[in-house]
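The values are calculated or read from the model by the stated rules, or taken from the named source; none is laboratory data. Keep in mind that what you see is a predicted model, and the values were worked out from it rather than measured. Counting neighbours? That spans all protein chains shown, and the Cβs are built from the backbone with ideal geometry, glycine included.
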Amino acid sequence: MTFDEVIQKRRSNRRFDPEVEVPKEVIEKALLHATYAANSSNMQLYEFHWVTSEDLKKQMVPACMSQGAARTAKELIVVCGRRDLWRKRVAWHKALIDKDAEKLGEQTKSIVLRRRYYEKLMPWTYSNDGFGIFGIVRRIAAFFIGLKQPIYRAKGNTQQKVTVHKSAALAAQNLMMSLTAQGYDSCPMEGFDEVRVRKILGLAKGAEITMIVAVGKGTDKGIWGPRIRVPFQEVVKVH
């Protein structure tokens with residue numbers, strides 16, 4: 001399919017064909033494509049939990065409010081934000097920088113800039129003391145620096161959460177587009193009991209669920225009417 005065909009074909013399908021399985025290779029490819037999505041600072045602060053156990057799938061259905069998409073899904077993928085992994089990602093980037101520095105030299109401009117970005121800016125952006133003090137400090141610093149020059153106005157806990165979930169959502173979109181291109185369908189679900197899902201899958205304390213994607217071969221009954229959107233001019237503003 002062309003990109004336009006993929007865009008037009010991708011719909012949230014809420015009833016999947018019980019007779020059609022989704023090959024393992026299709027999910028693996030879609031998950032790989034998900035990791036290629038744009039994300040904030042290439043920190044990749046997300047995880048995909050592919051539920052393959054039939055027993056766990058059955059437990060997930062009531063936790064997803066027994067939605068038709070969950071009941072009939074052949075596969076379930078839980079997309080999580082993991083802002084708590086920022087130190088691990090910084091260490092990963094630092095190792096890559098160290099390796100490149102051996103070849104290019106420590107004073108190479110790209111090495112200097114990358115070190116500053118991941119060893120100083122990322123800790124400044126993601127550090128959190130649990131009491132909101134760092135957030136207040138960041139706001140005050142950004143305010144005064146912003147009086148003289150443009151600055152990324154790093155704030156606190158809420159902004160960190162939004163940033164991480166945006167990256168996870170972008171990855172989930174890649175996942176769903178890939179499934180469509182491979183001839184399968186999906187439905188992103190926001191209606192779920194996060195406490196129960198976390199318990200069922202034994203998610204880490206720092207995992208924050210962005211959405212749950214149901215996957216299968218869609219049916220006509222799974223499409224609830226034509227695609228309706230507000231007028232183009234209402235959502236697109238030209239400056």
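Points to keep in mind about this one:
- Candidate set from segment 66-89 (those that are among the small types (Gly, Ala, Ser) and part of a helix (DSSP H, G or I)); member that is surrounded by the most Cβ atoms within 10 Å (Cβ to Cβ): Ala69
- Taking residues in segment 88-110 that are touching a residue at least 24 places away in the same chain (Cβ under 8 Å), and partners anywhere that are in a helix (DSSP H, G or I), the pairs with Cβ atoms closer than 6 Å and at least 6 places apart or on different chains are Val90/Tyr118; Val90/Met122; His93/Tyr118.
- All of (1) β-branched (Val, Ile, Thr); (2) in a loop (DSSP other than H, G, I, E, B); (3) surrounded by 13 or more Cβ atoms within 10 Å (Cβ to Cβ) hold for Val137 with one exception: (2).
- Of all the residues in segment 76-95, those that are of a type in the set (Asp, Glu) and closer than 28 Å to Pro23 by Cβ number 0.
- Condition check for Ile111: under 18 Å from Ser41 (Cα atoms), aliphatic (A, V, I, L, M) and in a helix (DSSP H, G or I): yes
- When Val26 is tested against (1) buried (at least 17 other Cβ atoms within 10 Å of the Cβ); (2) in contact with a Lys or Arg (Cβ under 8 Å, 6 or more places away or on another chain); (3) over 20 Å from Cys80 (Cβ atoms), only condition (2) is not met.
- Condition met for Lys88 (over 22 Å from the mean Cα position of the chain (by Cα) and closer than 24 Å to Gln44 by Cβ): no
- Checked against (1) closer than 30 Å to Val22 by Cβ; (2) part of a loop (DSSP other than H, G, I, E, B), Glu106 passes all but condition (1).
- Every pair of residues 6+ apart whose Cβ atoms lie under 8 Å, when the first sits in segment 117-134 and is within 12 Å of Lys155 (Cβ to Cβ) and not assigned by TED's automatic domain parsing to the domain that holds Gln44 while the second is modelled with pLDDT under 90 and surrounded by fewer than 13 Cβ atoms within 10 Å (Cβ to Cβ): Thr125/Tyr152
- Within segment 1-18, being of a type outside the set (A, V, I, L, M) and in contact (Cβ under 8 Å) with a residue 40 or more places away in the chain holds for Lys9, Arg10, Arg11, Ser12, Asn13, Arg14, Arg15, Phe16, Asp17, Pro18.
- Taking (1) modelled with pLDDT under 95; (2) part of a helix (DSSP H, G or I); (3) surrounded by fewer than 17 Cβ atoms within 10 Å (Cβ to Cβ); (4) not small (Gly, Ala, Ser) in turn, Lys221 satisfies each apart from (1).
- Index of the failed condition, Val195 passing every other in (1) in contact (Cβ under 8 Å) with a residue 40 or more places away in the chain; (2) part of a helix (DSSP H, G or I); (3) hydrophobic (A, V, I, L, M, F, W, C): (1)
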